[in-house]
Amino acid sequence: MSVAERQALDISLLLNKASELGAAMLRTAELADYLYWKDRMAGDETVALVLRKMAKAKERFEECERFGQFHPNYHEALDEVKAVESEMEKVESIREFKKAEEALDRLLYDISVLIAHSVSDTVKVPSNDPLPKSGGGCGSGGCSGGCG
């Protein structure tokens, strides 16, 4: 068997395993929960109302933000965004959707780490977490000064 044939076989096996992993992901509780709450949000009039309010508040804040905190309505616009965010957290479907989204994101990240570290312990895995928990490199804010 030639090198090219062996590589094609390896890629074929890899694609098959990736397909199996994708099919397994479709059967997870995390995905089911995510899709359930996404549908609930889509059909919730309260969500539509609060999202329209948020869009208006963000637009107003962005106008003020162009001039920074020296804009006369900057703090008022910022408080309005915070108030709508607080209102959003009181809506069950939004709150539960965010929880489900975070759980699905965690699952996808954990799978990515397993795949990456099966290749090498030094492979970096991107995360949506703004505060990474483990070491990471200089770019992740986890540098101990021992780089280079």
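Each reported figure results from applying straightforward, stated rules to the coordinates on display, with no laboratory input. Quick caveat: nothing in here was measured; it's all calculated off a predicted structure. Glycine gets a Cβ as well: all are built from the backbone with ideal geometry, and neighbour counts include every protein chain shown.
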- Query: Given charges of +1 on the Cβ of Lys and Arg and -1 on the Cβ of Asp and Glu, with all other atoms neutral, how large is the dipole of the chain about its Cα centre, in debye to the nearest 20?
  - Reply: 220 debye
- Kyte-Doolittle mean at least 0.0, axial Cα span of 24 Å or more - DSSP H helices of the chain: 3-25, 92-119
- Note on the structure: Between LEU14 and ASN128, the FRET efficiency computed from the C-beta separation at R0 = 25 Å comes out, to the nearest 0.05, as 0.50
- Amide H neighbours of ASP44 at under 5 Å, excluding residues fewer than 5 places away on the same chain, with H built from the backbone geometry, are none
- Task: Between the alpha-carbon centers of region 116-132 and region 55-70, tell me the distance in whole angstrom.
- Result: 35 Å
- Message: Given a 10 angstrom Cα cut-off, can you work out which residue in ASN16, ASN73, ASN128 is the most mobile in a GNM of the chain?
- Response: ASN16
- Cross-link pairs LYS58/LYS124; LYS17/LYS98; LYS38/LYS82 - those with Cα-Cα distance over 26 Å: LYS58/LYS124; LYS17/LYS98
- Just add up the charged neighbours of LYS82: K/R +1, D/E -1, any other residue whose Cβ is under 13 Å from the Cβ of LYS82. -3
- Place a label point 7 angstrom from the Cα of SER118 along the Cα-to-Cβ direction, then list the residues of region 10-35 whose backbone nitrogen is under 15 Å away. 10-25
- Counting only C-alpha contacts under 8 Å and six or more residues apart, can you give the relative contact order of the chain as a whole percent? 20 percent
- Item | Low-density loop positions, trypsin sites (Lys or Arg not before Pro), region 24-116 - DSSP coil, at most 12 other Cβ in 10 Å | ARG27, ARG66, LYS90
- Task: Rank ILE115, ILE94, ILE11 by mean-square fluctuation in a GNM of the chain with C-alpha springs under 10 angstrom and give only the top-ranked residue.
- Result: ILE11
- Task: Determine the gain in length on full extension of the stretch ARG6-ALA48; use 0.36 nm per residue of separation and subtract their C-alpha separation, reporting nm with one decimal.
- Result: 9.7 nm
- Query: In a GNM of the chain with a 10 Å cut-off on Cα contacts, which of SER93, SER120, SER12 has the highest mean-square fluctuation?
  - Reply: SER12
- Query: What value, in deg cm²/dmol to 500, does the helix sum -39500 (n - 2.57) over DSSP H runs of n ≥ 4 give at 222 nm once divided by the residues of the chain?
  - Reply: -24000 deg cm²/dmol
- Message: Run through region 20-78 and list the chymotrypsin sites (Phe, Trp or Tyr not before Pro) located in a DSSP loop whose Cβ has at most 13 other Cβ atoms within 10 Å.
- Response: PHE67
